[in-house]
Amino acid sequence: MPRNPEKDHQLRELRKQQILQAALQVFFRKGYSGAKVSEIASEAGISHANLYNFYKSKDEMYEALLDYVQDFYGQLTIEASRQSGSAKEKLLWHCRHLLNSSVKAEYIYLIVQTPSSDSIPENIRTKAAAKARENLEPLIRIMRESHTEGKAVSDQPEMMALCYLSLIEGLAVSRFRGFGELCQPLPEEVVRFFIAD
């Protein structure tokens with residue numbers, strides 16, 4: 001029976017995603033320096049040698065995970081800034097989509113640990129930091145709009161955007177600190193800290 005290149009490509013991409021999900025769990029439990037490729041392979045249910053048919057190194061897997069989550073957040077933030085309506089409506093849209101997204105808190109943990117871990121290669125840390133700054137820009141624009149509308153709780157849009165993002169990230173990882181249901185606020189409660197009614 002002849003091979004189907006399209007189906008082979010789809011199966012390969014599915015397997016790569018399964019490996020990345022396994023890598024995410026191992027990085028989350030062990031940190032970057034403690035994670036071993038053999039553990040990732042075991043978690044993914046494939047042999048150590050076979051894993052290298054999909055990813056050349058632990059660095060490549062880590063970078064692919066960061067790229068995925070930072071691209072997701074970047075697109076979501078750009079889309080929020082393009083919504084019609086007031087700055088508050090845009091921030092509410094963003095908050096609702098972010099709090100209800102399928103992105104796991106483990107990804108947030110990855111983003112938070114990357115800049116502070118000396119064991120993560122410098123090129124990955126530098127790239128992640130640049131992408132984080134880029135992803136913050138649409139939020140800063142929304143906060144500037146709220147200031148123009150006279151609804152901002154502060155006249156420092158950069159600080160407001162950074163505080164908003166930090167609050168969202170903190171809520172995402174708080175369940176790992178044992179706060180459980182406390183980390184499920186309503187988007188309206190979150191936005192109220194930044195934009196008045």
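The values are calculated or read from the model by the stated rules, or taken from the named source; none is laboratory data. Worth saying up front: this structure is predicted, and the values here are computed from it rather than measured. Neighbour counts are summed over all protein chains in view; Cβ atoms, including those assigned to glycine, are modelled from backbone coordinates with ideal geometry. Just so you know, the surface numbers come from the protein's heavy atoms only, side chains and all, with ligands and any DNA or RNA stripped out. Shrake-Rupley method; radii C 1.70, N 1.55, O 1.52, S 1.80 Å.
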Checklist entry - Which pairs break 32 Å Cα to Cα here: LYS131/LYS151; LYS7/LYS90; LYS58/LYS104; LYS7/LYS30; LYS58/LYS90? => result LYS7/LYS90; LYS7/LYS30; LYS58/LYS90
Checklist outcome for this item: Once the mean of 1/r over all distinct C-alpha pairs in region 74-197 is inverted, the Kirkwood radius in Å reads 15.2 Å
Checklist entry - What's the long-distance tail for region 1-58, i.e. % of Cα pairs beyond 12 Å? => result 65 percent
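Compute the accessible area per residue over the chain, keeping the other protein chains in place, probe 1.4 Å, unit Å².
56 Å²
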Checklist entry - How large are Rg and Dmax for region 129-197 when only the alpha carbon atoms are used, in Å? => result 13.2, 39
Next on the checklist: Please give the Cα centre distance for region 1-60 versus region 70-148, rounded to the nearest Å.
Outcome noted: 26 Å
Item to check | Packing-based order for 133-146, 114-127, using average beta carbon neighbours within 10 Å, highest first | outcome: 133-146, 114-127
Checklist entry - Quick one: helix 58-81 against the long Cα principal axis of the chain, what's the angle to the nearest 10°, folded into 0 to 90? => result 30 degrees
Item to check | In sequence order, calculated HN-Hα J values of region 20-30 (Karplus, 6.51, -1.76, 1.60; Hz; x Gly/Pro) | outcome: 5, 5, 5, 4, 4, 5, 5, 4, 5, 6, 10
Checklist outcome for this item: For region 38-197, the percent of accessible surface on carbon and sulfur atoms (probe 1.4 angstrom, ligands and nucleic acids excluded) is 52 percent
Next on the checklist: Taking 2.2 N^0.38 Å as the expected size of a compact globular protein, what ratio does the Cα radius of gyration of region 1-155 give against it, to two decimals?
Outcome noted: 1.28
Item to check | Total charge dipole magnitude, the chain, about the Cα centre, Cβ charges on Lys, Arg, Asp, Glu only, Debye to nearest 20 | outcome: 460 debye
Next on the checklist: Sort LEU14, LEU167, LEU76 by heavy-atom solvent-accessible area, probe 1.4 angstrom, most to least.
Outcome noted: LEU14, LEU167, LEU76
Item to check | FRET efficiency, ASP67 to GLN10 (Cβ-Cβ, R0 30 Å, nearest 0.05) | outcome: 0.90
